[in-house]
Amino acid sequence: MRIILIGPPGAGKGTQCQRLSGLLRVPHLSTGEMLRAAVRAGTPEGLEAARFMQAGQLVPDPLIVGMVSGRLMAPDCRDGCLLDGFPRTVPQAETLDDMLERRAISVDGVIELAVPRDELVRRMLARKRADDDPEIFSRRIMSFEEQTAPLLEYYGRQGKLASIDGLGTADEIFERIRVSIDRFRRRARIRG
Ligand code: AMP
């Protein structure tokens, strides 16, 4: 199955994706993690991306698309993958749809982890990461609201969106995700 997790920074996508990757037995593809690895390794992509990441802005599409398309074509993604942090804009989603369509496959379902803004700030203050500076963090939330939230409508129109409450324990949230995945599975079976 090909599943996308969408949620604002601090919604818990990474934690849930790790568990979900075990359940679905497909790789967890996190563009944020790939970029942080490129920054650590000091690759040209990493150097270019770092400027944007440090400012709480999205990295330009060509860099991201180049990185993800290679990864999506890897043999371990043949039976599916879990996308975390990609797509993040409608143009990225359109590119993804084109990439998959060329191979006669598609996204099976999209899960939105909905978390109110004040809870995100509370969680951010409880953890520490280089781009977790309060000002940069609020810029990342703004970027989510302006550039990524329109994806909810994009996938809603395709009938692929499940919005779930991102408040509660990790176990409770995982259970809600599992229920949505079962629904995606049934629908994929009906579609044949
Ligand atoms: P994340 O760990 O998913 O929150 O990503 C950390 C940072 O990496 C983001 O704030 C962006 O600067 C960058 N990034 C990750 N994924 C993307 C993407 N799909 N498009 C553009 N920038 C991204």
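Taken together, the residues in region 18-56 that are surrounded by 15 or more Cβ atoms within 10 Å (Cβ to Cβ), touching a residue at least 60 places away in the same chain (Cβ under 8 Å) and near the ligand (Cβ under 10 Å from one of its atoms) amount to 2.
Candidates ILE4, ILE105: the one that is more than 13 Å from the ligand (Cβ to nearest atom) and of a type in the set (Val, Ile, Thr) is ILE105. Residues that are more than 9 Å from the ligand (Cβ to nearest atom), out of contact with any strand residue (DSSP E or B) (no Cβ under 9 Å at 6 or more places or on another chain) and at pLDDT 95 or above occur in region 76-85; there is at least one. Identification of helices (runs of 4 or more DSSP H) wholly contained in region 5-59 with 2 or more residues that are among the polar types (S, T, N, Q) yields 13-24.
The values are calculated or read from the model by the stated rules, or taken from the named source; none is laboratory data. Just so it is clear, the model here is predicted, and its values are computed rather than measured. Backbone-built Cβ (ideal geometry, glycine too); neighbour counts: all protein chains shown.
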